[in-house]
1. Which members of the range 8-50 meet the condition of being crowded, with 16+ Cβ neighbours inside 10 Å, out of contact with any strand residue (DSSP E or B) (no Cβ under 7 Å at 6 or more places or on another chain) and closer than 16 Å to GLY74 by Cα?
2. Among the residues of the range 169-213 satisfying the criterion of being in a loop (DSSP other than H, G, I, E, B) and aromatic (Phe, Trp, Tyr), which is nearest to GLY57 (Cα to Cα)?
3. When the range 170-203 is examined, which residues are found to be under 22 Å from ARG147 (Cβ atoms), surrounded by 15 or more Cβ atoms within 10 Å (Cβ to Cβ) and in contact with a Leu (Cβ under 6 Å, 6 or more places away or on another chain)?
4. Residues that are under 20 Å from ARG147 (Cα atoms), surrounded by 17 or more Cβ atoms within 10 Å (Cβ to Cβ), in contact with a helix residue (DSSP H, G or I) (Cβ under 7 Å, 6 or more places away or on another chain) and of a type in the set (Ser, Thr, Tyr): does the range 51-70 have at least one?
5. Report, ordered by the first and then the second residue, all pairs with beta carbons closer than 8 Å, sequence separation of six or more or different chains, a first member in the range 13-26 that is charged (D, E, K, R), and a second member that is part of a loop (DSSP other than H, G, I, E, B).
6. Find the helices (runs of 4 or more DSSP H) located wholly in the range 29-104 whose residues include 2 or more that are of a type in the set (D, E, K, R), and list them.
7. For the range 71-88, give me the residue count where each residue is of a type in the set (Gly, Ala, Ser) and either more than 14 Å from the chain's Cα centre (by Cα) or surrounded by fewer than 24 Cβ atoms within 10 Å (Cβ to Cβ) (or both).
8. Can you give me the number of residues within the range 13-26 that are closer than 25 Å to HIS95 by Cβ and either assigned to a loop (DSSP other than H, G, I, E, B) or aliphatic (A, V, I, L, M) (or both)?
Amino acid sequence: MGSKNKLKRFRDNESFPNVIQPARQEVLDGTFALRGTWSEHFGNANPIVLELGCGKGDYTLALARRNPGVNYIGVDIKGARIWRGAKTALEESLHNVAFLRSHIELIHLLFGPAEVAGIWITFPDPQIKYKRTKHRMTNPAFLERYRDILAPGGLIHLKTDSEFMHGYTLGLLHGLGWPIHYANHDIYRLDGAPPEATQIQTFYEKQYLERGKAITYLLFSLDSK
């Protein structure tokens, strides 16, 4: 993508009503106005579900189309990517969709306690090298941040083509004693996966499947140990 195209998308994002781009400092100093009041942005008290590392928002949009009574927020730091999802949501008049441009490690400062009903983590970078563990989106520090914002009974969905990420997270959950509700290392060959895990496919997921890669899925919660 050319720099001029990126700049145009950044300008568009500033005008899109469904794109929220808080300054990092206002998030850190606790003045981000939407924390704890996201229902006001949507104008209703419907449950809020996040897609973390949403990219172009394929999953966010698909979930929103299927569940109009749920509000979905795609979170990503890449503004040129979320532009695509935000523009599609506006074109389709999907009023239950928003996109938040920020770093995932600040998630506990972007949402209030128990404000989030569920979280989807779709095809994250597995950060395989040991020195990158702190950036892995299911490491213990991230899980604690998710726990801070999840309502009781809130579920986390991890869908990935990385057997490493699947195994790492599964082992971590077992070790920490968090409830695992469903685990599948090949959702298109083994039965039982929830429809939203198999009936929604991202652009990159389709490419993985064409190459014969297995898609894994975990469903877990952080309610009690």
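The values are calculated or read from the model by the stated rules, or taken from the named source; none is laboratory data. Here the structure is a predicted model, which means the values were calculated and not measured. Counting neighbours? That spans all protein chains shown, and the Cβs are built from the backbone with ideal geometry, glycine included.
1. PHE16, PRO22, ARG35 - these are the residues of the range 8-50 that are crowded, with 16+ Cβ neighbours inside 10 Å, out of contact with any strand residue (DSSP E or B) (no Cβ under 7 Å at 6 or more places or on another chain) and closer than 16 Å to GLY74 by Cα.
2. Ranking the candidates gives TYR188 first.
3. Answer for the range 170-203, where residues must be under 22 Å from ARG147 (Cβ atoms), surrounded by 15 or more Cβ atoms within 10 Å (Cβ to Cβ) and in contact with a Leu (Cβ under 6 Å, 6 or more places away or on another chain): TRP178, TYR182, ALA183.
4. No.
5. From the range 13-26, the pairs are GLU14/GLN21; ARG24/SER102; ARG24/HIS103; GLU26/PHE32.
6. Details: elements: 38-42, 58-66, 79-91.
Filter on the range 29-104 gives 58-66, 79-91.
7. Initially, the range 71-88 is screened for residues of a type in the set (Gly, Ala, Ser), giving 74, 79-80, 85-86.
Still in the running and either more than 14 Å from the chain's Cα centre (by Cα) or surrounded by fewer than 24 Cβ atoms within 10 Å (Cβ to Cβ) (or both): 79-80, 86.
The number of residues fulfilling the criteria is 3.
8. Looking only at the range 13-26, we keep the residues that are closer than 25 Å to HIS95 by Cβ, and these are 13-22.
Now drop any that are not either assigned to a loop (DSSP other than H, G, I, E, B) or aliphatic (A, V, I, L, M) (or both), which leaves 16-22.
Matching residues across the range 13-26 total 7.
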